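Where a number appears in this text, it was derived from the coordinates with a stated rule and is not lab data. Just so it is clear, the structure is predicted and the values come from calculations on it, not from any experiment. Here the Cβ positions follow ideal geometry from the backbone for every residue, glycine too, while neighbour counts run over all protein chains shown.
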C-alpha cells in the first residue's frame, strides 16, 4: 500500500538540509536582487510595461499547465485595466477576469493575511459558473466528502495510474487551519524557501475540487512578492513550471510519496526559480528595447497605419518588410504604403536593406544605427 507524505506521524513538520540548499539559494537570491535592481532603476512607464508583460505571462501559463488556453491579449487588457494602464485591447471574458482578479489580489495584496474567506473568493473567481467544464463542483468552499477521493491520475480509462491521492475531506478544516497559521506566521525562514514550502503544502492538501494547482501557484507568487518586497512582478515562476511541466509533476509525485524531509522538492523549486529569472532577463530586455524605441519614435507623431506596421515588426514579423507587405498589413494601396515607408525612412525608423530591383526591403532601426 502506498504511503503519502501526509500520512507520516509528524506531518506537517517538514525538515530540510539547509547546508545542501545554501549554495543554490544564495545564487537565486543574487539573481533576484540583480533583476529587481535593474527594474528599480527604470522609470514608472518602463517598470509598468515590464510588470504587465510578466503578469500576463504568469496568468496565461498558470492556466496552460491545467490545459486551459487563454487569449493573451484578453489577459493583458484585463490586467492593464485593473492596474490603470492605458493599453487598449480586446475586452476580457468572465473566466479571464476571474483568474486575473485572483492573481492580482495575491501579488498586489501580498501583505494582507491569507484566510479561508480569501481563498474561497479566489476559488469562486476561477469558477464563476459553478462548473469545471461540464461538471458542477462545490465552489467557494473546501471539497465535500460526497465529492469522493481527490486523485491525480493519468492513463486511459480502466488502466489509470494514480499519482497521488489527497487527504480525506473530513481533514480539510484542520489541515488548512494549520497551513494558514504557518503561512501568516512570523517564523524565521527564507522567503524563497517559504514560497516553495507553501506551494508544496497547499497542493498536497488539495482542498478544492478543482483549481488547486492555480491557487497553489498564486500562493507561491504571493510569498515571492513578499520575498521581493514589491507589488510588481518581473519574473514568472508559472511560465517556467509550464516549460518544465513533466519535471514539475515528477518532482511533486516523488516528494508526496516520500518522508517529511523535503530537501528534494525545495532544491527543484529553487533551481526552477533561478531558470525563471534567466528567462525573465531575456524577456524583459526585449520589452525594454521595444519601449525605448517607442519613446524615440513618439517624439514626432505617426499615422495609425505606420504604428500598426511597426508594432507588427516588433512582435515577431517573419522576414523583411516590402511595400507589398506593408500595403497588406495596413490595408492600403501600394502608393500609400510607399509614401508611409518613405516618411519612416526619412526619420530613420526604417532602414533599407542591401539589394535593389524587385527585392527592395526594409527593417526596423536599432536606436543610433
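For the stretch 187-323, pairs of C-alpha atoms spaced more than 24 angstrom apart make up 46 percent of the total. In the chain, the calculated helix contribution to ellipticity at 222 nm averages -19000 deg cm²/dmol per residue, counting -39,500 (n - 2.57) for every DSSP H run with n ≥ 4.
Only Cα pairs within less than 10 Å get springs; with that Gaussian network setup on the chain, which residue of 330, 166, 286 has the largest fluctuation? With Cα springs under 10 Å in the chain, the top fluctuation among 330, 166, 286 is at 330.
Taking 0.36 nm per residue of separation and subtracting the current Cα-Cα distance, fully stretching the chain between residue 38 and residue 339 would add 104.4 nm. Paramagnetic label reach from residue 360 (point 7 Å along Cα→Cβ; backbone nitrogen cut-off under 14 Å): within the stretch 307-336, residues 321-327, 334-336.
Considering only 276, 243, 225, the Gaussian network model of the chain with Cα springs below 10 Å gives its largest mean-square fluctuation to 243.
With both labels modelled 7 Å from their Cα along Cα-to-Cβ, the residue 226 to residue 111 distance reads 1.4 nm.
The stretch 119-153 and the stretch 288-343 have Cα centres spaced 47 Å apart. Computed extension gain for residue 162 through residue 135, at 0.36 nm per residue and net of the alpha carbon distance, reaches 7.6 nm. Among 28, 192, sorting on how many other beta-carbon atoms sit within 10 Å of each Cβ, with the fewest leading, yields 28, 192. For the stretch 300-364, the Kirkwood hydrodynamic radius comes to 11.8 Å, computed from all pairs of different C-alpha atoms. Cα extents for the chain along the principal axes, largest to smallest and rounded to whole angstrom: 78, 47, 38. On full extension, the segment bounded by residue 278 and residue 188 gains 29.6 nm, given 0.36 nm per residue less the C-alpha separation.
Springs join every pair of Cα atoms under 10 Å in this Gaussian network model of the chain, and among 17, 184, 353 the largest mean-square fluctuation is at 353.
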